[in-house]
Amino acid sequence: MTDEQFHVIAMPQIGRGKGDGEDGSNDFGRFRETNIEADKFAFRTPHLTNIEVTAPYGHDGAFATLEAVVEHHLNPEVSIANYDPSDAQPGIQTTHWVTNTSQALDVLKMNMDAGRSRLTTIDFSTEQITQLVAFLKAQTDPCAKDKDCLLKWVPAPTMDADNTLLIAEFQESPL
């Protein structure tokens with residue numbers, strides 16, 4: 001349920017970045033590997049499997065809900081204009097988000113103008129967005145939302161022979 005490709009979608013650039021840009025607060029994504037300008041802010045398409053329980057969304061966790069990330073894909077420019085970084089996970093660095101996101105939007109526009117982007121502005125109704133989100137949620141295994149079911153796939157801490165086991169915590173879906 002992914003094309004495994006890298007795409008520029010001008011996701012709001014929150015977080016501490018990867019040391020890119022003039023002040024080191026940006027994350028240039030795929031560009032870090034290719035040095036191709038059109039790859040700046042390109043990130044790999046995630047799998048849709050169990051997407052309902054994998055929030056926050058975006059390479060940097062910019063969106064807390066599937067509805068918000070779907071709306072961003074439909075019209076990144078409007079999404080960014082209305083974006084409120086205080087909706088992101090508490091503690092995420094947002095100091096340079098406006099400047100860094102503007103750069104990402106510029107690269108998206110450049111790619112769109114050059115025909116390198118498949119992203120187009122789409123005007124969906126609220127009902128269509130709701131239907132699309134319902135489809136995305138249908139990609140989630142019911143076991144992924146059931147602690148008792150999921151526990152048989154998550155090793156118990158007592159099974160950690162060399163003390164290197166990552167302990168996962170189950171969180172109820174907010175929706």
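The values are calculated or read from the model by the stated rules, or taken from the named source; none is laboratory data. As the structure is a prediction and not an experimental result, all values here were calculated from the model. Cβ sites come from the backbone with ideal geometry, for glycine too, and all protein chains shown count toward neighbours. Side chains included, ligands, DNA and RNA excluded: accessible areas come from the protein's heavy atoms. Shrake-Rupley method; radii C 1.70, N 1.55, O 1.52, S 1.80 Å.
Just checking, how many residues over segment 141-171 are touching a Cys at 6+ places or on another chain (Cβ under 9 Å) and either closer than 21 Å to residue 64 by Cβ or modelled with pLDDT under 70 (or both)?
0
If you scan segment 5-49, which residues turn out to be acidic (Asp, Glu) and within 14 Å of the chain's Cα centre (by Cα)? Quick ask: steps written out before the conclusion?
Filtering segment 5-49 for residues acidic (Asp, Glu) gives 20, 22-23, 27, 33, 37, 39.
Selection gives 27 alone.
Residues of segment 108-126 being assigned to a helix (DSSP H, G or I) and within 21 Å of residue 68 (Cα to Cα), which ones?
Here is the first cut: in segment 108-126, the ones assigned to a helix (DSSP H, G or I) are 108-113, 126.
Of everything in segment 108-126, those that are assigned to a helix (DSSP H, G or I) and within 21 Å of residue 68 (Cα to Cα) turn out to be 108, 109, 126.
Looking at 138, 114, 88, can you tell me which residue is open to solvent by less than 50 Å² (accessible area, probe 1.4 Å) and either modelled with pLDDT of 95 or more or closer than 23 Å to residue 61 by Cα (or both)? If you could, list the steps in order and put the result at the bottom.
Working: 138 fails: open to solvent by less than 50 Å² (accessible area, probe 1.4 Å); 114 fails: open to solvent by less than 50 Å² (accessible area, probe 1.4 Å).
So the residue among 138, 114, 88 that is open to solvent by less than 50 Å² (accessible area, probe 1.4 Å) and either modelled with pLDDT of 95 or more or closer than 23 Å to residue 61 by Cα (or both) is 88.
Residues in segment 1-45 that are outside any loop (DSSP other than H, G, I, E, B) and of a type in the set (A, V, I, L, M, F, W, C): how many? Explain how you work it out, then say what you get.
First, pick out the residues of segment 1-45 that are outside any loop (DSSP other than H, G, I, E, B): 6-8, 20, 26, 29, 31-34, 37-39, 42-44.
Filter again for of a type in the set (A, V, I, L, M, F, W, C), leaving 6, 8, 31, 38, 42-43.
The total comes to 6.
Between 36, 51, 80, which is crowded, with 21+ Cβ neighbours inside 10 Å, of a type in the set (A, V, I, L, M, F, W, C) and out of contact with any Gly (no Cβ under 7 Å at 6 or more places or on another chain)? Give the steps one after another, and end with the answer.
Working: 36 fails: crowded, with 21+ Cβ neighbours inside 10 Å; 51 fails: crowded, with 21+ Cβ neighbours inside 10 Å.
Only one candidate passes the filter, namely 80.
Taking the condition of being under 22 Å from residue 32 (Cβ atoms) and over 11 Å from the mean Cα position of the chain (by Cα), how many residues in segment 50-79 meet it?
1
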